[in-house]
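Just so it is clear, none of the values below were taken in a lab; they were calculated from the coordinates. Keep in mind the model is a prediction, meaning the values are calculated, not measured. Ideal geometry is used to build each Cβ from the backbone, glycine not excepted, and the neighbour counts take in all protein chains shown.
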Amino acid sequence: MRIVKNDTTEDFVAPVVAYDPNKRYSWTPNDVFELSGEQFGLILNAFRSVLSTPEAGRILLIDKANEAVEKAMAAAVEKGIVKEAPEAE
């Protein structure tokens, strides 16, 4: 892009945007991020390393148990067994 001022031409330089890890960022579900094979392998191996631990197995199991309890609670609400509690004042 060129900007013309008083019959002279100046080059327009777009400001450089730099990543700041202290700021919050957003993106849409359709945005695409590219990873190198090295980056992808690093992430995959990190996931596998953590998920293969006994603690991760327990956490995954408790997550499944939580899903079962949530489904049971939803069914009980729909049947009228469990009712919404009044708001505390």
A careful count of residues in the stretch 26-79 that are among the β-branched types (Val, Ile, Thr) and either touching a residue at least 24 places away in the same chain (Cβ under 8 Å) or part of a loop (DSSP other than H, G, I, E, B) (or both) gives 3
Per the filter on the stretch 13-59, residues polar (S, T, N, Q) and under 17 Å from the mean Cα position of the chain (by Cα) are Asn22, Ser26, Thr28, Asn30
